[in-house]
Structures are given as C-alpha cells and as structure tokens.
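These notes are about the structure you will find just below.
Derivation of every value follows stated rules applied to the coordinates shown; laboratory data play no part. Please read these numbers as outputs of a predicted model, since none were measured by experiment. For neighbour counting, all protein chains shown are included, and Cβ atoms are generated from backbone atoms with ideal geometry for every residue, glycine included.
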Number of protein chains: 2
Amino acid sequence: MGKVMAGFTMSLDGFVADPNDDVSLVFKWYSAGDVDFPLPGTNRVFKISQASADYLTESWSTLGAIVTGRRDFDVSNAWGGKALMDLPTFIVTHHPPQEWLHEGSPFTFVTEGVEAAIERARAAAGEKNVGVGGTQIVQQALRAGLIDQIDIDLAPVLLGAGIRLFDNLPEPIELEIQRVVEGTGVTHISYRVVK
Amino acid sequence: MGKVMAGFTMSLDGFVADPNDDVSLVFKWYSAGDVDFPLPGTNRVFKISQASADYLTESWSTLGAIVTGRRDFDVSNAWGGKALMDLPTFIVTHHPPQEWLHEGSPFTFVTEGVEAAIERARAAAGEKNVGVGGTQIVQQALRAGLIDQIDIDLAPVLLGAGIRLFDNLPEPIELEIQRVVEGTGVTHISYRVVK
C-alpha cells in the first residue's frame, strides 16, 4: 500500500498564502528557473530550476489519488473542472455541490470526513501514494495520525500573516528528514512522520 | 562594517521553544551527531554532525558582538554569569538588574531600545558581524529593517505551540537563500534579507 503524503509550498514563517489567498510571494520560485515545467492536468507551464523539476517529477509520479478540501475546490474554481493532475480527486465536504454530482464528474465528494476520504483515495491509488491538500484537511489528517510524509517547498519569504499550514496541532509531532533538494528560490525538504 | 545576523533553531512550524520554554525537541540535533562541538564560552559540549560543526564554526567565527533581550537573559539565568560566546553582550531592557551593573560586568544593558543596542554592538564588533538573539528583539529589529541575514537551523519537528520566532511582522519580508547545509537531524539555511 502506498503512503499518504502532504505537499505544500510554505513561507519560512509557516504560511501557504497571504490573508487574501494571494500566493504570489510563496510561489515566486515557480517562475525563478529556466526549465519549462508543465503542471500536470493543466495547460499552465512553470519556469523552475532543473533540480526542482527533477524533484517534483519524481515526487508527483508516485501519486495515485488526491484528497483535498472544499475550500481548495472553491478558491480554485473547481480547478477549471478538471481532476487534479488527472488523478482520482476526493473532496471532503459536508455539502457536495449539486452541479458536480453528475455521471462522469471528475470529482468525488466525501461527506463522511477526512479518514473516509483517505480510505477511498487509498483504494483508488492502489500501490501508489495519496496526496493530501488543503490546510484544514492536512491538519485533521495529521491529528488523526494519517500522514506518512510531508514534503515542504520552503519559500524564502516572511509573509507575516495569512493561511497557516501547521495549526491546531495539540501534540508535538516528530519528523525525520528524508531528503533536501536545493532549487532556485526554494528549498525542498521531504520529511517522514515519526509514529 | 559587519552585518547584523539573527540565528535560531526553529521547528518546522515556527517555534523556538514549547510553551514551557522547553527546547529539547528543537535542539535534538545538538546530540544527534558524532562530532564533539564545544559551545563557545561555556563548558557544554554538543554532539553534532561534521557538516553542522563546520557550518556553525564558520558562522559563529564571523561574530564580534551579541544583542539579545531581557527574557533570554532571565530564562538562561544570566548564562551562568558569562558573556555570550565570550563576546561583548548587549541586553535590551528597561530595567537593568542592579546586581550586574558593577565594574567589570560581562553585560552591557541598553535602555534606549533595540536600534541603540545594535548601534552599540556594531561599534564593539568593528568589522565583524553582530548576532541578534531573543525572539522579541529580532522581531523589533526586523520591523525596523535592521537585520541583514537570518540563519535558521530547521528542526524536523512540529511543536504545535510555543514561542514563535517570526511574529508581529506587519509587512512581508522577502529573503534570498544564500546557503543550505544538511546536518544530521537539522537543515541549516542562511538567508539574506532583501531590502
């Protein structure tokens, strides 16, 4: 069975976006390199360093399904109506949006909570990994001990305020550094969650 | 003239200590290696990796004076009555402790605030760098645009709560990665503050 991974770009002071959901400062490294990097499942192309491109390609190729939250879904405008990275995409929500419940919808809505969503994503992913997104979803999954790996793209900026990635964690969680990759304008660090 | 540097060990979620000032989880890397590393100005010896020892030796050798805060001074019990790293040590406080105001005291107390303390430390450091410690002092110095470099020893742990390093920063501050060093149980990242 695959692992459950959380992957985020985060500012040095712990934010994934500013108070207005603006990610331009934390995502600056997405245009800081000289290698074209097409974002899977979209027609967007980033410009990142070769080291970052190799790291992301390897990391993302391990994914077999995605779990994320309703906020992520809404803020991104349903990712233009396409499944994330062309993978089975599970969205945790109490109120599934009716317009996306039709036959052939790229999204599966899970109303029974994060654990159920991860379980369904695991089944869909088979031997591959499950990627978990959405800060609140990740926090719930961390509290429930469901995250095996945390991949952080550490952005060289202090935002001062915004949407905090690691929050509402009542107990310390020890990690183990698995890998550090120096990109241009970013430091990639992959951690294993010690259980 | 030297630079003004802030150096801290910080958890991945941004804390330098837990709510009870306990640093055992963030400082775990201080005993995770196999190289003896005597802490300058003390009789304590850490066990860290060769990479960390080389990095710290090089970084600390650039220092010519220290500025820190009253909380740091009190929590550490005046560092056993010795100047930090045997360097001129300036402590920002509104109420200098009378017992340390005698001739030959290893400490200089500055009542005119952080800027004044950094100015005096710069003068004492000459061509060398000034190290700034104490989270509130660093936050004040960052807001005043007085910090040139931030050296973070990123500890692989999520504390969930505690004393936050980067807090009370009203505006985003952009950084530039200068150097990344992989130690055992720690990732050292040195940033330049973009002004």
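Identify the residue of chain B whose Cβ lies closest to the rotation axis that maps chain B onto chain A, and give that distance in whole Å.
B:Gly14, 2
How big is D for the protein assembly as shown, in µm² s⁻¹ as a whole number, if Stokes-Einstein is applied with the Kirkwood radius of its Cα pairs at 37 °C and 0.692 mPa s?
Roughly 146 µm²/s, to the nearest whole number.
Excluding A:Thr42 itself, what net charge comes from residues whose Cβ is under 11 Å from its Cβ, given Lys and Arg +1 and Asp and Glu -1?
+1
Give the nm distances, rounded to one decimal, from A:Glu112 to the matching residue in every other copy, measuring between label points 7 Å along Cα toward the beta carbon; shortest first.
Relative to the other copies, A:Glu112 has label-point distances of 6.9 nm.
How large is ³J(HN,Hα) for each residue in region A:63-74, as worked out from phi by the Karplus curve 6.51 cos²θ - 1.76 cosθ + 1.60 (θ = phi - 60°), to whole Hz, x for Gly and Pro?
7, x, 6, 10, 10, 8, x, 5, 4, 4, 4, 6
Can you list the residues, at least 5 places off or on another chain, whose amide H is less than 5 Å from the amide H of A:Gly183, using H built in the peptide plane?
Residues meeting the criterion, in which the H sits 1.01 Å from N, are A:His188.
Can you list residues whose amide H is under 5 Å from B:Asp151's amide H, if they're 5+ apart or on another chain and H is modeled 1.01 Å from N?
Excluding prolines and chain starts, which carry no amide H, the hits are B:Ala6, B:Gly7, B:Phe8, B:Tyr191.
If you restrict to DSSP beta bridges whose two residues both lie in the protein assembly as shown, what percentage is antiparallel, to the nearest 5?
Here the antiparallel bridges make up roughly 50 percent for the protein assembly as shown.
Using alpha-carbon positions, what is the distance between the centroids of region A:134-163 and region B:72-107, in Å?
Between the Cα centre of region A:134-163 and that of region B:72-107, the gap is 39 Å.
How many nanometers, to one decimal and shortest first, lie between the label point of B:Gln98 and those of its other copies, if labels sit 7 Å from Cα toward Cβ?
7.7
May I ask what percent, to the nearest 5, of DSSP beta bridges between residues of region B:1-101 are antiparallel?
Rounded to the nearest five, the antiparallel share is 50 percent.
What fraction of the DSSP beta bridges in region B:17-165 is antiparallel, stated in percent and rounded to the nearest 5?
Here the antiparallel bridges make up roughly 30 percent for region B:17-165.
Once label points are set 7 Å from the Cα along Cα→Cβ at both A:Glu176 and A:Thr62, what is their separation, rounded to one decimal in nm?
In this crude spin-label approximation the distance works out to 1.3 nm.
Give the calculated FRET efficiency between B:Val75 and A:Asp22 to the nearest 0.05, with a Förster radius of 56 Å applied to their Cβ-Cβ distance.
Calculated value: 0.90.
Give me the one-decimal nm value for the distance between modelled label points at B:Arg44 and B:Ala116, 7 Å along each residue's Cα-to-Cβ direction.
Those two pseudo-labels are separated by 3.0 nm.
If the label for A:Leu39 sits 7 angstrom from Cα along the Cα-to-Cβ line, what are its distances to the same label in every other copy, in nm to one decimal, shortest first?
Shortest to longest, the spacings are 4.5 nm.
Quick check: net charge around A:Gln139, other residues with Cβ under 14 Å of its Cβ, Lys/Arg +1 and Asp/Glu -1?
Here the count lands on -2.
Report the FRET efficiency, 1/(1 + (r/R0)^6), for A:Lys82 and B:Thr184, where r is their Cβ-Cβ distance and R0 is 56 Å, rounded to 0.05.
0.85
Using only the Cα atoms of region A:77-169, each taken as one equal point scatterer with no solvent, compute I(q) by the Debye sum, divide by I(0), and report log10 of the ratio at q = 0.17 Å⁻¹.
Debye intensities relative to I(0), on a log10 scale: -0.86.
Taking the C-alpha atoms of chain A, how large are the radius of gyration and the largest Cα-Cα span, Dmax, in Å?
My reading of the Cα-based Rg and Dmax gives 16.1, 44 Å.
Could you tell me which of A:Ala125, A:Ala17, A:Pro172 has its Cα farthest along the dipole of chain A towards the positive end, charges placed at Cβ (Lys, Arg +1; Asp, Glu -1), taken about the Cα centre?
A:Ala125
Whole-Hz ³J(HN,Hα) for each residue in region B:120-133, computed from phi via Karplus 6.51 cos²θ - 1.76 cosθ + 1.60 with θ = phi - 60°, x for glycine and proline: what do you get?
Per-residue couplings from phi come out as 5, 5, 4, 4, 6, 7, x, 7, 7, 8, 9, x, 10, x Hz.
For region A:46-145, which trypsin sites (Lys or Arg not before Pro) are both in a DSSP coil and crowded by at most 16 other Cβ atoms within 10 Å?
Qualifying residues, ordered by number: A:Lys82.
Normalised by the number of residues in region A:30-189, what is the relative contact order in percent for Cα pairs under 8 Å and 6+ residues apart?
Over region A:30-189, the number comes to 23 percent.
Exposed loop sites here are GluC sites (Glu not before Pro) in DSSP loop states with at most 10 other C-beta atoms within 10 Å. What is the longest stretch of chain B lacking them?
Longest gap between qualifying sites, sites excluded: B:1-102.
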